[in-house]
Structures are given as structure tokens and as C-alpha cells.
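A short worksheet on the structure shown next.
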Amino acid sequence: MFVGFGPVLSSVVAAAEPVIPDYGAQSSSCVVHNHFFCADWVSHNWGPVLWPALRGHILLALVAVGIGFVISLALALTAHRYGWLERPTIVVTTILYTIPSLALFELLVAPVGPNVYSAEIALVSYTLLILFRNILTGLRGVPSEVLEAAEGMGMSRKQALTRVELPLALPAIVAGLRIAVVTIIALATIVYTIYNAGLGVPIHTALGEGPFKTELIAAGGLAILLALTADALLVLLQRLLTPWTRARAT
Amino acid sequence: MHEFLEAFRFIAHNGAIAGEPGLPTLTHLALETLKVAAIGLGISIAIAVPLGVWLGHLHRGSFAAINLGNIGRALPSLAVLAIGDAFLGLGLTVVELALVVLAVPPIVTNAYLGVDGVDRDLVDAARGMGMSGSEIVTRVELPLAVAPLFAGIRTAAVFVVSTTTIASLAGFSGSLGDVIANETSYHFSGVLGAAICVAALALAVEGVLTLLQRALTPRGLRLVEPEPARVPPAEAALA
């Protein structure tokens with residue numbers, strides 16, 4: 001009877017009985033019925049919802065790994081020179097690494113407030129153990145003969161560090177960066193609990209809407225894809241920075 | 001710092017909130033968290049340790065074993081839980097499934113690296129003494145791989161406790177995360193108190209596993225073994 005009014009009818013039903021509220025005027029029947037994956041929702045909401053969340057996620061992770069790297073490098077260089085520093089640093093960073101993210105974020109909210117600083121302090125603290133250990137392992141792995149040769153060539157301690165030790169430690173350092181980046185990208189989905197940023201925001205919205213499957217899969221999938229892409233980019237970076245390891249492999 | 005005082009008061013009252021009767025006690029929630037986490041970790045160990053040890057013993061599948069660990073790290077707990085929720089509905093089964101998905105990779109990778117890395121000369125010597133394959137695994141390779149094996153299990157334990165609390169954000173009820181996810185009832189002091197409990201619980205689990213590891217390390221190794229690796233070694237991510 002209503003065959004001719006099919007599309008009209010379904011849009012009327014959509015307006016009258018929305019399963020997923022607040023999803024704009026363009027709610028398709030796929031969205032209304034909360035099907036497996038609605039590509040139309042993703043294309044409509046890429047600009048207003050997904051891209052800002054993804055961009056915020058990338059920023060959170062970049063800043064955290066950047067600051068974490070600087071701190072870890074400084075700690076590792078100091079511990080490389082003064083060996084006794086290694087143990088206390090490992091103990092403190094292990095404790096920080098062990099505290100579950102959800103708890104650490106809240107613990108930081110009390111003194112710092114529910115803002116981007118709490119989020120970044122927590123994320124940075126998760127990078128320290130990984131980066132410190134890998135940088136130190138890399139520096140310690142430099143053969144003593146190589147260092148003696150550098151000294152024999154008349155290099156100062158500083159020159160030996162920047163021209164010999166750090167380049168030779170690069171593979172281990174990049175390996176640490178890969179672990180840190182992937183870990184931080186995964187953890188940054190929890191940031192939304194204290195600060196409105198990252199891919200956790202759309203995941204949280206979707207959980208409150210039924211859950212709305214398309215948004216869960218899109219946002220969760222983006223987080224996983226972002227981690228894998230960042231990992232691949234770092235592998236590429238390492239290949240560019242250490243051409244000699246490739247020469248040895250062939 | 002006033003908030004911390006309030007939070008400790010909340011802990012001292014075992015999670016009771018004035019005017020909100022019928023809330024579970026913190027002890028109950030902590031035990032529930034431990035139960036959920038222990039089941040997930042137990043299943044993961046039962047799957048991952050034999051698999052990793054077997055691959056390491058055969059020195060095969062390094063690519064798969066190592067990359068499994070890297071991929072496992074890339075999975076955000078919340079995304080895994082949320083996607084499980086979307087398809088199967090978030091009950092205990094789905095939470096345990098998510099825990100296993102997150103905990104198996106680090107255990108497999110570290111068990112593999114540990115057993116694969118056992119000095120080949122020692123294995124040859126054991127074979128020369130007439131040990132069978134299974135004797136070599138249980139009496140030579142496993143004892144020598146205790147440190148990396150436990151590094152994986154401890155990493156997994158941290159993931160599992162953390163994810164159990166995060167499950168509350170996805171709507172699963174029955175862990176200390178319930179308090180953190182419900183600021184309306186508990187106020188910030190309750191959330192902070194629960195966060196302190198979660199942190200203490202995770203550190204306690206880590207401590208117990210460290211003690212267990214020490215007890216299982218052969219006496220001879222205790223003399224020479226450096227601090228056990230906490231995060232997979234640098235080489236793990238190189239492959």
C-alpha cells in the first residue's frame with residue numbers, strides 16, 4: 001500500500017522513533033537501525049566528529065612522546081655516565097608505568113585539574129620506562145673498541161657521544177620510540193575521562209547511544225590504524241637514519 | 001591537598017557515601033576486580049605460555065611471535081571493549097575475551113624471546129646428556145627463561161588490571177572502575193579514593209608477581225641475573 005512512499009515513510013519513522021538520537025538530520029535508515037557499519041554516517045561526520053578527534057589524538061601523542069623522549073634522553077645520558085642512577089630511575093618509572101591509566105589520570109586531576117596538563121603528564125610518565133631503558137640499552141651496546149677508536153682519532157667525549165655513540169644507539173632508540181608511540185596512542189583513548197580530546201570522545205559518545213556501532217568501529221579502528229601507521233613511519237625513519245644497518249643485512 | 005584527605009576518608013569508610021545507601025564496599029569491588037583480572041590473566045597464561053614456549057623451543061615463527069606483541073600493544077583497551085560491546089553486549093564473557101586479546105600478545109612474545117634466547121650450547125649439552133625434547137623444555141629452557149617469561153606476564157597483568165577498571169567506562173559493572181566512572185554518586189573524593197585503590201592494587205599485583213618470579217628463578221641464576229627486563233628488550237621491536 002505504501003510502496004510508493006517508501007523513502008518518505010522511512011524518514012518519517014526516523015524522525016518519530018530515533019534509535020540513535022542527536023545524529024543530525026541526515027540520519028539514514030542504516031544509522032537509525034544501528035547496522036554493523038554505516039559508511040554514510042562516517043562520510044557525513046568525518047569533518048565535524050572524527051577528524052577533530054583524530055587530530056586531537058595525534059597532538060596528544062606527539063607532545064607526550066616528544067616531551068617523554070627529551071626527559072628520557074637526559075636521564076639515560078646521565079645514567080650512562082653515572083651508573084648508580086639507573087636503578088632508582090628504573091624503580092620510579094616502573095611504578096609510574098604500573099599505575100593503571102584510568103587511576104593515574106584521576107590522581108593527577110586533584111593537584112593539576114581536569115585539563116590538558118594532567119593528560120600530558122600522565123601520558124609522558126608512561127613513555128619514560130620504555131624510552132629510558134631502550135636509550136640506555138642502545139648506549140651500552142656500543143662496543144668499547146669503537147669508543148677507543150673514536151678517542152684515538154682525537155674526538156672529545158662530546159664528539160664521541162654525538163658522532164659515534166648516539167648514531168650506533170639509534171636502532172635501539174627507535175625501537176623504544178616505536179613501543180612508546182604505539183602505547184601512548186592506545187592510552188590516549190582514555191584521556192577523554194579528564195579532558196575533552198582524542199578518539200576516546202567519539203567512543204564515549206557512541207557508548208552512550210546504544211551503543212552506536214558505526215561510531216565505535218570508526219573511532220576504535222582509527223585509533224588502531226593510527227598506531228600501526230605511526231609504527232610503520234618510525235620503521236621508515238630508522239631505515240633512512242641508519243643506512244649502514246641495511247648494508248650489513250644484505 | 002584537601003581532596004586527598006577526603007579521598008582517604010572515603011577509603012577509610014570502605015566506600016560508604018552519606019545519603020547513598022546500597023553502594024558496594026571498596027573491599028567488595030577490589031575483590032571483584034581481582035577476580036575478573038585473575039580469570040583473564042589465567043586464561044591468557046594457559047594459552048600464551050605453551051604457545052610462546054613451543055615456538056621458542058622450535059626457534060620458529062619469530063616474525064609472528066614478535067609482531068603479535070607489537071600489534072597487541074596497538075589495541076586500545078577501550079576500543080577493544082567498545083567493539084566487543086557493540087557486537088556481543090558487554091557481559092563478563094566479553095570483558096574476559098577483551099582481557100585475553102590484550103594479555104596474550106605480550107606473554108607470547110616474551111615467552112618466545114626467552115626460550116629462543118637460551119644459549120644453544122646449553123641445549124646441545126642437555127641433548128648430549130640424553131634429555132628428551134620435553135625434558136629440555138621443562139628442565140633447561142623454562143628455568144633459564146623465567147625472567148623474560150615473567151616480564152611478559154607482569155606486562156600482561158598490568159594490562160589486565162588496567163583494562164578491568166576501564167571496562168566500567170564501557171558499562172561493565174563489577175570493578176573499582178565503577179566508582180571512577182560514576183562521579184555523580186561518589187563525587188570527586190570517591191573517584192580519587194578509588195583511583196588510589198586501583199593504583200595500590202596494580203602495584204600489589206606487580207609486587208606479588210615479582211616475588212613469585214624470584215621464587216621460581218633457579219638459585220644459580222639469582223647470583224648472576226641482572227634486574228629482570230620489565231619492557232620487552234629493544235631487539236623485540238627491531239624485527
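Bear in mind that the values in this text are calculations on the coordinates, not laboratory data. Here the structure is a predicted model, which means the values were calculated and not measured. Neighbour counts run over all protein chains shown; Cβ positions are idealised from the backbone, glycine included.
Based on alpha carbons, the Rg and Dmax found for chain A are 24.4, 95 Å.
Quick one, could you list the DSSP H helices from chain A stretching 27 Å or more along their long axis (Cα atoms) with average Kyte-Doolittle hydropathy of 0.5 or above?
Membrane-span-like by this rule: A:51-81, A:116-140, A:166-187, A:213-241.
Cβ-Cβ distance of A:Ala74 and A:His33, R₀ of 41 Å, FRET efficiency by 1/(1 + (r/R0)^6): the value works out to about 0.15. Taking the fewest neighbouring Cβ atoms within 10 Å as the starting point, the ordered list for B:His187, B:His2, B:His59 is B:His2, B:His59, B:His187.
Legend: ranking of residues B:Ser185, A:Ser101, A:Ser125 from fewest to most surrounding C-beta atoms inside 10 Å; resulting order B:Ser185, A:Ser125, A:Ser101. Among residues other than A:Ala206 with Cβ under 11 Å from its Cβ, the summed charge is -2 (Lys and Arg +1, Asp and Glu -1).
Taking the protein assembly as shown, the Cys residues with no second Cys beta-carbon under 4.7 angstrom are B:Cys197. Using only Cα atoms, find the angle between the long axis of helix B:92-116 and the longest principal axis of chain B, and express it within 0 to 90 degrees, rounded to the nearest 10. With both axes taken from Cα atoms, the answer is about 30 degrees. Over all orientations, the range B:24-73 has a Cα convex hull whose mean projected area works out to 4.3 square nanometres. Each residue, A:Leu228 and B:Phe4, gets one label point 7 Å from its Cα in the Cβ direction; the gap between the two is 4.3 nm.
Entry note: chain B has Rg to Rh equal to 1.07, where both radii use alpha-carbon atoms and Rh is the Kirkwood radius.
If you wrap the tightest convex hull around every Cα atom of the range A:151-250 and split its volume per residue, you get 116 Å³. Legend: ranking of residues B:Met129, B:Met1 from fewest to most surrounding C-beta atoms inside 10 Å; resulting order B:Met1, B:Met129.
Let me know the volume per residue of the alpha-carbon convex hull for the protein assembly as shown, in Å³.
Roughly 195 Å³ of hull volume per residue.
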